[in-house]
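> Sharing a structure with you now.
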Amino acid sequence: MTAFIRRAALASGVMVGCCLSIWCKTAWAGADSAGPKPGSGPPGSSLGATSNQVQQGQLQLQGRVVCLAEEMHQRYGTELPTRHQHVWAFKTTNGVCYTLLEGKFSQAIFEDERVRAKELRVKGRLLPNSQALELSYFRSVKNGVLQDLYYYCEVCAISTVSPEPCACCQAPVVLMEKPASDREE
Ligand SMILES: [Zn+2]
Ligand SMILES: [Zn+2]
């Protein structure tokens, strides 16, 4: 179990390093407004000529988490039962909503309201013919400054993307938010 977590932490670290180069090479402005439409050609092509590291269907978005049911009720007057299951979606700064699939990198959003309350930058895969987004990366933005957002076990000194108790020692993990080491605008 320990080895698994350490591998996961390592993998996540590698991924962060890998993604940094993508952040730097891709203009944020308009990345979502020019976002791919399901089934209309290679989505990655609209993200800029220099972003050849960005695979097909990969999106980089900035915005906030909303409940899609409440958002659609507000916008279009759809039915909203008083007691409904929240449908978590990522709403970009341009107002485009992507439905979030549950997974390793979205677990924090599904389980931690502190994460849902933050302005986030996410990276993920837009699934064909849908607005469904599979996250592969998230960071937060605090007062305009990009932050590393992660969970930390102080006993084991392990960083993780999961809000679950430390799989190594079962201690609760602490949500950490620190200015990102790189100063990407
Ligand atoms: Zn809701
Ligand atoms: Zn631990």
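The numbers here are math on the coordinates, done by the rules we state, and not lab data. Bear in mind that the values here come from a model prediction, so they are computed numbers and not experimental data. Positions of Cβ are generated from backbone atoms using ideal geometry, with glycine treated the same way; all protein chains shown enter the neighbour counts.
> Report Rg(Cα)/(2.2 N^0.38 Å) for the stretch 75-140, keeping two decimals.
For the stretch 75-140, the normalised Cα radius of gyration is 1.15.
> Please give the peptides 75-85, 148-158, 59-69 ranked by average Cβ packing (other Cβ atoms within 10 Å per residue), highest first, as a rough proxy for protection.
The peptides rank, most packed first, as 59-69, 148-158, 75-85.
> Another question about this same structure. Tell me the net charge near Lys118. Cut-off is 9 Å between Cβ atoms, Lys118 excluded, with +1 for each Lys or Arg and -1 for each Asp or Glu.
Combined, the nearby Lys, Arg, Asp and Glu give +2.
> How big is the equivalent ellipsoid of the stretch 104-185 along its three axes, where each semi-axis is √(5λ) from the Cα gyration tensor, reported in whole Å from largest to smallest?
The three semi-axes for the stretch 104-185 are 23, 18, 11 Å.
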